[in-house]
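Comments concern the structure below.
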Amino acid sequence: MSESMITKQAIATGFKKLMNEKPFDKITILDITKTCGLNRQTFYYHFQDKYELLNWIFYNEVILVLTKDLSLDTWPDNLYNMLTVMKENGTFYRNAINHSFQEEFKNYLLNISEELFYNTIDHIKGDYPMPEDDQKFLSRFLSFGVVDSIVWWIKEDMVRSPLTLKKQIVSLINECKMYATKHPPTLS
């Protein structure tokens, strides 16, 4: 691991520790640098502000886990791994999602899930051609359901286990796939 990455990890660890203790809005760059034993100049060399740091953490802990070798076959396990990381850092993600980060979080997940659903629909539609606009609409619809379920799960203190939530989401998606193959949508 490069020295720059080690420093970013140290800053992220200090920031996460602070996010477990107080709200995002109350954390300053000075707080972060004191916690990780670095100076402000070092922080600003690596991150523009705490929002960029928050995005970096989210991307490295959640998005990379979700998108690693992402395919129609791997998405359930990737979803479980992502939910597990979030549950292990529950206070941090609840604090982050309750602030301006929520929209960026949702947008990241919406873009990834929409593409995955689009490809899934394209794969299963087989003999039932579907206009591209309908396929995009259906992909977006399913994406909002899944992503809002994850956001709700976070806001409700992650009461369900990651495995339970994964099973519920996968089950619903599989039911939609089975229904779609028996009853091709006619959205136009």
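The values are calculated or read from the model by the stated rules, or taken from the named source; none is laboratory data. None of the values given here were measured: they were computed from a predicted structure. All Cβ positions, even for glycine, are placed from backbone atoms using ideal geometry, and neighbour counts span all protein chains on display.
Of the helices (runs of 4 or more DSSP H) that lie entirely inside segment 87-158, those containing 3 or more residues that are over 15 Å from Leu72 (Cβ atoms), modelled with pLDDT of 80 or more and over 14 Å from the mean Cα position of the chain (by Cα) span 132-155. For segment 25-36, the condition holds for no residue, the condition being that it is within 22 Å of Gln168 (Cβ to Cβ) and modelled with pLDDT under 90. Just to be sure, is Ile32 farther than 16 Å from Leu109 by Cα, in contact with a helix residue (DSSP H, G or I) (Cβ under 7 Å, 6 or more places away or on another chain), in a helix (DSSP H, G or I) and touching a residue at least 12 places away in the same chain (Cβ under 8 Å)? So Ile32 fits the description; yes. Give the residue that is nearest to Trp56 (Cα to Cα), with candidates limited to residues of segment 1-29 that are in contact with a His (Cβ under 8 Å, 6 or more places away or on another chain) and assigned to a helix (DSSP H, G or I). Result: Lys8. Kindly indicate whether Ile63 is surrounded by 20 or more Cβ atoms within 10 Å (Cβ to Cβ) and among the aliphatic types (A, V, I, L, M). No.
Give segment 72-99 a look and list any residue that's small (Gly, Ala, Ser) and out of contact with any Leu (no Cβ under 9 Å at 6 or more places or on another chain), or say none.
In the first step, residues of segment 72-99 are kept if they are small (Gly, Ala, Ser); the result is 90, 96.
Answer for segment 72-99, where residues must be small (Gly, Ala, Ser) and out of contact with any Leu (no Cβ under 9 Å at 6 or more places or on another chain): just Gly90.
Note on segment 35-63: residues that are outside any helix (DSSP H, G or I) and either within 24 Å of the chain's Cα centre (by Cα) or aromatic (Phe, Trp, Tyr) (or both) amount to 3.
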